[in-house]
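A short write-up of the structure that comes next.
The values are calculated or read from the model by the stated rules, or taken from the named source; none is laboratory data. Keep in mind it's a predicted model, so treat the numbers as computed, not measured. For neighbour counting, all protein chains shown are included, and Cβ atoms are generated from backbone atoms with ideal geometry for every residue, glycine included. These accessible areas exclude ligands, DNA and RNA; they are computed on the full protein's heavy atoms, side chains included. Shrake-Rupley method; radii C 1.70, N 1.55, O 1.52, S 1.80 Å.
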Amino acid sequence: MNIIKFIEEVKQEFSKITWPKRANVIQMTIMVVILASLVAVFFFGVDQLFGYIVQLLFKR
């Protein structure tokens, strides 16, 4: 395959890409940060609960 032809085809395919708007990127980023924080808090709570239960079981 000719390298020039390959680069031209890449340019053609690249022009077909529809990039998201800046506002959409910011909105999705905020949503990901919030969701990741909620999941982290949930798993922290579950970890604390299991740690407490294990301590109760091994105190005996």
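Roll a 1.4 angstrom probe over the protein heavy atoms and tell me the percent of accessible area of the chain that is carbon or sulfur.
C and S atoms contribute 71 percent here.
Give the accessible surface of the chain per residue, rounded to a whole number of Å², with probe radius 1.4 Å and ligands, DNA and RNA excluded.
Per-residue accessible area for the chain comes out at 103 Å².
Distance in nm between label sites at residue 34 and residue 4, each 7 Å beyond Cα in the beta-carbon direction?
5.3 nm
So how far apart, in nm, are the two label points at residue 53 and residue 11 if each is 7 Å from Cα heading toward Cβ?
6.3 nm
Measure nothing fancy, just the Cα-based angle from helix 22-59's long axis to the longest principal axis of the chain, in degrees from 0 to 90, nearest 10.
Here the helix axis deviates by roughly 30 degrees.
For a label point 7 angstrom out from the Cα of residue 42 toward its Cβ, which stretches of the range 5-32 have the backbone nitrogen within less than 16 Å?
31-32
Take the chain, connect every pair of alpha-carbon atoms lying under 10 Å apart with a spring to form a Gaussian network, then pick out the residue of 27, 48, 12 with the largest mean-square fluctuation.
In the Gaussian network model the winner is 12.
When all alpha-carbon pairs of the chain are counted, what percent fall beyond 17 Å?
Percent of Cα pairs beyond 17 Å in the chain: 69.
Calculated from DSSP H runs of 4 or more alone, at -39500 (n - 2.57) each and per residue, what is the 222 nm mean residue ellipticity of the chain, nearest 500?
The helix-only estimate for the chain comes to -30000 deg cm²/dmol at 222 nm.
Angle, helix 3-15 long axis vs. longest principal axis of the chain, Cα atoms, 0 to 90°, nearest 10?
Result, in degrees: 60.
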